[in-house]
Amino acid sequence: MDSATARELRDIWLEYSVLLFRKVDWTAAEHIAFTKTFGTLHIMPRLGTEIPVNLRQHPEIFVVSNIEKNGKPLGVKRAGWGWHSDGEDKQVPNMASMLYGVKTPKVGGDTGFASTYRAFEALSPETQAFLDGKRARFSRVEMHLINYPNLPPLTEEEKRDRPDVWHPIVRTHPETQRKCLYIGRWAVEIEGMADEEGGTLIDELTTHIAKSEFTYIHKWQPGDVVLWDNRCTQHCAIPYDDSKEERHMLRTTLEGDVPFHLTTDGRRVESSLDQ
Ligand code: SIN
């Protein structure tokens, strides 16, 4: 792509948050090259699993798959079953992800996308004001086996590599400056709130984000490529019968930046590690 086309595409993406390209037939190298026009590629770490999570020849490509070859899994099964945005449990979450449907089920296996701009805008002014500048603690260590019950527990080294992080619950998008809700399935505590009360609010907000009025459910066809903005959307691989249907997806992921929020009274609240 020339730079004018790339700029135009980025502007459209910033406006709509999720883009769909159909009838794509490309190699891993082309997938990587196209993703690079949007930013810096991220390599997914192997967390809590012995199986290879990335393509051997192209570690920039993360494999979501329930297919086995010679008794060995080709990728991570049941990845992303549950609403989340990629990397939200890290201080520097991922900006975007691009998922390529290679083999897609005839029944089920859809992916839901939620606009966290819309979810924020639909909150009452009182709730928006209450959340403005508040942060939530996200914990891979506490939530790993809850969100990934099919994976082995994290090793001590993996736990050290993924310390808890505090993120602003209302996030200012760094490119559009719009406000969105930034809270997901790794959140475990809200600043200044007792455990039970904070837990209830986390449940309410995550349920709110996934309401049908803020979501688009994508029904995959082989050759579909979906690019989403993790800063202002959440997504969910909707559970399907993976004992009957084969699903093989290849994902590139882009590096992001430290989330921040500019509050209505002019403060800048940033994500930081739980020290
Ligand atoms: C993911 O969370 O990136 C996987 C989404 C999907 O497989 O639909």
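So the values come out like this:
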| item | result |
| --- | --- |
| Residue 75 farther than 19 Å from residue 228 by Cα, within 12 Å of the ligand (Cβ to nearest atom) and surrounded by 18 or more Cβ atoms within 10 Å (Cβ to Cβ) | yes |
| Verdict on residue 207 being surrounded by fewer than 23 Cβ atoms within 10 Å (Cβ to Cβ) and in contact (Cβ under 8 Å) with a residue 60 or more places away in the chain | no |
| Given (1) at pLDDT below 95; (2) within 16 Å of the ligand (Cβ to nearest atom), number of the condition residue 83 does not satisfy | (1) |
| From 197, 191, residue being farther than 22 Å from residue 82 by Cβ, over 18 Å from the mean Cα position of the chain (by Cα) and loosely packed, with under 13 Cβ neighbours inside 10 Å | 197 |
| Sole residue being farther than 22 Å from residue 232 by Cα and at pLDDT below 95, chosen from 103, 72 | 72 |
| Hey, residue 58 within 12 Å of the ligand (Cβ to nearest atom) and either modelled with pLDDT of 90 or more or buried (at least 17 other Cβ atoms within 10 Å of the Cβ) (or both) or not | no |
| Subset of segment 162-177 [closer than 18 Å to residue 234 by Cβ and surrounded by 15 or more Cβ atoms within 10 Å (Cβ to Cβ)] | 165, 167, 168, 169, 170, 171, 172, 173, 176 |
| Strands (runs of 3 or more DSSP E) lying entirely in segment 160-275 (those with 2 or more residues that are modelled with pLDDT of 95 or more and within 16 Å of the ligand (Cβ to nearest atom)) | 215-218, 225-229, 233-237, 248-254 |
| When residues of segment 10-23 are limited to those that are in contact with a strand residue (DSSP E or B) (Cβ under 8 Å, 6 or more places away or on another chain) and farther than 19 Å from residue 217 by Cβ, the one surrounded by the fewest Cβ atoms within 10 Å (Cβ to Cβ) | 12 |
| Scope segment 110-153; condition in a strand (DSSP E or B) and either of a type in the set (Gly, Ala, Ser) or surrounded by fewer than 15 Cβ atoms within 10 Å (Cβ to Cβ) (or both); matching residues | 112, 114, 115, 136 |
| Test result for residue 72, basic (Lys, Arg) and under 19 Å from the mean Cα position of the chain (by Cα) | no |
| Residue that is under 17 Å from residue 92 (Cα atoms) and buried (at least 19 other Cβ atoms within 10 Å of the Cβ), where the choices are 215, 253 | 253 |
| Filtered residue count, segment 61-72, keeping only those that are buried (at least 17 other Cβ atoms within 10 Å of the Cβ) and over 21 Å from residue 29 (Cβ atoms) | 1 |
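The values are calculated or read from the model by the stated rules, or taken from the named source; none is laboratory data. It should be emphasised that the depicted structure is a prediction, and the values quoted were computed from it without experimental measurement. Cβ atoms come from the backbone with ideal geometry, glycine included; neighbour counts cover every protein chain shown.
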